[in-house]
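Peer 1: Dropping a structure here in structure tokens format, bear with me for questions.
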Amino acid sequence: MPPILKLIQANAAPMSGATERTERAAREAMNGRRTGLRAFLPFVGPAVIASVGYMDPGNFATNIQAGSTTGYELLWVVALASLVAMLFQAMSAKLGIVTGRNLAELCRDQFPRPVVLGMWGASEAAAMATDIAEFLGGALGVSLLFHVSMFAGMVVTGLVTSAILMLDRGGFRPLEIAIALLVATIGLSYVCELAVAPPDWHAALVGTVVPRLHGASSVTLAVGIIGATIMPHTLYLHSGLTQHRTPARNETERRRLLSFSNREVLVALGIAGFVNLAMVMMAASAFSKSAPGISDIGVAYHALVPLLGVGAATVFLVSLMASGMSSSAVGTMAGQVIMQGFVDFRIPVWTRRIVTMVPAFVIGLNCDTVNAMVISQVVLSFLLPLPLVALVVLSSRRAVMGRYVAGKATICMAALATAAIVALNVVLVWQALA
């Protein structure tokens with residue numbers, strides 16, 4: 001069981017039948033007694049949970065702003081960020097499977113203490129900031145859909161998020177199923193949106209494959225997209241979810257486990273990438289001419305009503321609520337993995353939930369919610385290189401990975417991606433200071 005769940009389950013009931021059946025099915029698959037889809041399904045879960053971080057309300061804010069401001073121009077950034085996300089999430093999952101330890105724990109073991117403390121502080125801040133933005137996004141969706149106050153929306157979001165976290169008490173499978181259903185809701189919502197607001201497919205194809213950055217605002221949005229797409233806390237969480245979920249008992253099982261994990265990453269992150277592309281395309285199709293420059297989710301919702309109808313606007317809010325509530329729960333889980341891994345200090349997950357809710361209530365009632373979410377994504381992009389560098393370093397150490405040490409091609413691609421993210425951040429700072 002992942003470390004994040006141990007504390008929650010310390011005084012909980014025994015694992016549910018769903019979890020026990022999943023574990024038995026996974027063993028049968030690793031022993032070759034299951035084939036095809038029946039062999040793959042028992043391993044679906046960790047990457048699905050991690051993928052929620054790639055479809056959180058921060059993505060809604062940055063993608064809507066990108067599509068309404070630049071049209072299809074930044075689709076290539078979304079596509080490239082999704083591919084990089086697949087690479088790093090696969091590396092994170094592999095780290096947990098091979099070593100039986102998560103990224104934060106290995107950082108604590110392998111790096112000097114001052115570096116560990118600095119990484120912990122930055123990562124903890126990133127996880128909490130992300131969790132606040134996700135919580136506010138879910139609350140905004142509730143507020144707009146049911147025509148209630150933002151305060152009432154935050155209360156409802158807090159209760160639903162707590163209910164999602166409680167599913168852990170029956171083992172890992174109930175939580176994974178609940179998150180998968182919410183992810184499916186988000187994905188189906190955007191299939192509907194694209195059907196209602198068909199994009200210019202030729203322009204979308206060009207925007208996906210031809211890199212373009214016109215002006216300072218495009219660079220800022222590109223960095224925000226990267227910060228919203230490749231999330232620091234999911235890199236820590238993914239390794240925590242795989243480290244004990246189905247432990248391999250021999251090398252044959254470990255190789256098969258890695259193969260199933262890589263397939264799940266491709267599917268789960270592929271769906272997340274499609275959702276992000278669909279967000280930008282919908283915003284470009286609906287807003288780039290009639291309401292350019294929209295950066296406020298509430299304004300986007302109200303603009304959708306006359307443009308596409310009440311149905312499309314309602315679907316948009318349903319997907320926002322599903323995103324905010326699921327990602328808020330995942331952010332809390334990730335924060336616990338980070339704290340427990342870096343400093344071996346545990347606090348009850350419910351205490352952490354309350355600590356996150358308090359500043360979220362203050363920000364939601366006194367600040368511009370959407371601007372706070374967009375800024376949080378840019379901040380995340382600045383903090384992102386820390387876990388990326390750590391993941392590259394640890395994956396390349398034979399003392400850590402043994403025979404599963406990453407190959408030169410993988411390390412080169414990961415290092416280049418990290419360097420590109422750092423370079424974009426440097427350009428953003430230079431523009432801000434100019």
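Peer 1: Looking only at residues that are in a helix (DSSP H, G or I) and under 23 Å from the mean Cα position of the chain (by Cα) in the range 1-23, which one is modelled with the lowest pLDDT?
Peer 2: Once the filter is applied, the top-ranked residue is Ile8.
Peer 1: In the list Val78, Val115, which residue meets the criterion of being free of Cβ contacts under 8 Å to residues at least 60 places away in the same chain and either part of a helix (DSSP H, G or I) or more than 13 Å from the chain's Cα centre (by Cα) (or both)?
Peer 2: So the residue among Val78, Val115 that is free of Cβ contacts under 8 Å to residues at least 60 places away in the same chain and either part of a helix (DSSP H, G or I) or more than 13 Å from the chain's Cα centre (by Cα) (or both) is Val115.
Peer 1: Please name all residue pairs, on different chains or six or more residues apart, with Cβ atoms under 7 Å, provided the first residue is in the range 119-142 and is at pLDDT 85 or above and the second residue is buried (at least 24 other Cβ atoms within 10 Å of the Cβ) and not in a helix (DSSP H, G or I).
Peer 2: Within 7 Å, the pairs are Gly137/Asp56.
Peer 1: Next up: Within the range 43-55, does at least one residue satisfy the condition of being modelled with pLDDT of 90 or more and farther than 30 Å from Met281 by Cβ?
Peer 2: Yes, that holds for at least one residue.
Peer 1: Just checking, how many residues over the range 186-212 are farther than 13 Å from Phe274 by Cβ and without any contact (Cβ under 8 Å) to a residue 60 or more places away in the chain?
Peer 2: Counting residues in the range 186-212 that are farther than 13 Å from Phe274 by Cβ and without any contact (Cβ under 8 Å) to a residue 60 or more places away in the chain gives 4.
Peer 1: Name the residue, out of Ala272, Ala300, that is under 20 Å from Ala85 (Cβ atoms) and not hydroxyl-bearing (Ser, Thr, Tyr).
Peer 2: Ala272
Peer 1: For the range 129-140, does any single residue satisfy the condition of being crowded, with 20+ Cβ neighbours inside 10 Å and in contact with a His (Cβ under 7 Å, 6 or more places away or on another chain)?
Peer 2: Yes, because at least one residue in the range 129-140 is crowded, with 20+ Cβ neighbours inside 10 Å and in contact with a His (Cβ under 7 Å, 6 or more places away or on another chain).
Peer 1: Can you tell me how many residues within the range 284-308 are buried (at least 17 other Cβ atoms within 10 Å of the Cβ), of a type outside the set (S, T, N, Q) and not in a helix (DSSP H, G or I)?
Peer 2: Number satisfying all stated conditions: 3.
Peer 1: Right, next: Check off (1) under 30 Å from Thr208 (Cβ atoms); (2) aliphatic (A, V, I, L, M); (3) free of Cβ contacts under 8 Å to residues at least 40 places away in the same chain for Ala152 and give me the number that stays unchecked.
Peer 2: (1)
Peer 1: Taking the conditions exactly as written (small (Gly, Ala, Ser) and out of contact with any helix residue (DSSP H, G or I) (no Cβ under 9 Å at 6 or more places or on another chain)), does Gly100 satisfy them or not?
Peer 2: So Gly100 passes the test.
Peer 1: Within the bounds of the range 390-399, is there any residue that is among the β-branched types (Val, Ile, Thr), out of contact with any Asp or Glu (no Cβ under 9 Å at 6 or more places or on another chain), at pLDDT below 80 and surrounded by fewer than 22 Cβ atoms within 10 Å (Cβ to Cβ)?
Peer 2: Within the range 390-399 (the criterion being among the β-branched types (Val, Ile, Thr), out of contact with any Asp or Glu (no Cβ under 9 Å at 6 or more places or on another chain), at pLDDT below 80 and surrounded by fewer than 22 Cβ atoms within 10 Å (Cβ to Cβ)), the answer is no, since none of the residues qualifies.
Peer 1: Here's something else I'd like to know. Identify, by number, the condition in (1) within 24 Å of the chain's Cα centre (by Cα); (2) of a type in the set (Ser, Thr, Tyr); (3) over 23 Å from Gly187 (Cβ atoms) that Ser68 doesn't meet.
Peer 2: Evaluating Ser68 over (1) within 24 Å of the chain's Cα centre (by Cα); (2) of a type in the set (Ser, Thr, Tyr); (3) over 23 Å from Gly187 (Cβ atoms) leaves (3) as the failure.
Peer 1: Have a look at Ala26, Ala85 and point out the one that is at pLDDT below 95, crowded, with 19+ Cβ neighbours inside 10 Å, of a type outside the set (Phe, Trp, Tyr) and touching a Pro at 6+ places or on another chain (Cβ under 8 Å).
Peer 2: Only one candidate qualifies: Ala26.
Peer 1: Being among the β-branched types (Val, Ile, Thr), surrounded by fewer than 23 Cβ atoms within 10 Å (Cβ to Cβ) and within 22 Å of Leu182 (Cβ to Cβ) is the filter here, so list the residues in the range 214-268 that pass it.
Peer 2: Val267, the sole residue that qualifies.
Peer 1: Within the bounds of the range 293-315, is there any residue that is under 21 Å from Glu134 (Cβ atoms) and of a type in the set (Phe, Trp, Tyr)?
Peer 2: Looking for residues that are under 21 Å from Glu134 (Cβ atoms) and of a type in the set (Phe, Trp, Tyr), one finds at least one in the range 293-315, hence yes.
Peer 1: Please find, within the range 168-182, the residue that is nearest to Leu320 (Cα to Cα) out of those that are of a type in the set (A, V, I, L, M) and crowded, with 22+ Cβ neighbours inside 10 Å.
Peer 2: For the range 168-182, the residue satisfying everything is Leu182.
Peer 1: Could you grab me the full set of residues in the range 82-105 that are assigned to a helix (DSSP H, G or I) and touching a Gly at 6+ places or on another chain (Cβ under 8 Å)?
Peer 2: Ser82, Leu83, Ala85, Met86, Gly96, Val98, Leu103, Ala104, Glu105
The values are calculated or read from the model by the stated rules, or taken from the named source; none is laboratory data. A quick note: this is a predicted structure, and the numbers were derived from the prediction, not measured. Don't worry about glycine lacking a Cβ; one is built from the backbone with ideal geometry, like all the others, and counts go over all protein chains shown.
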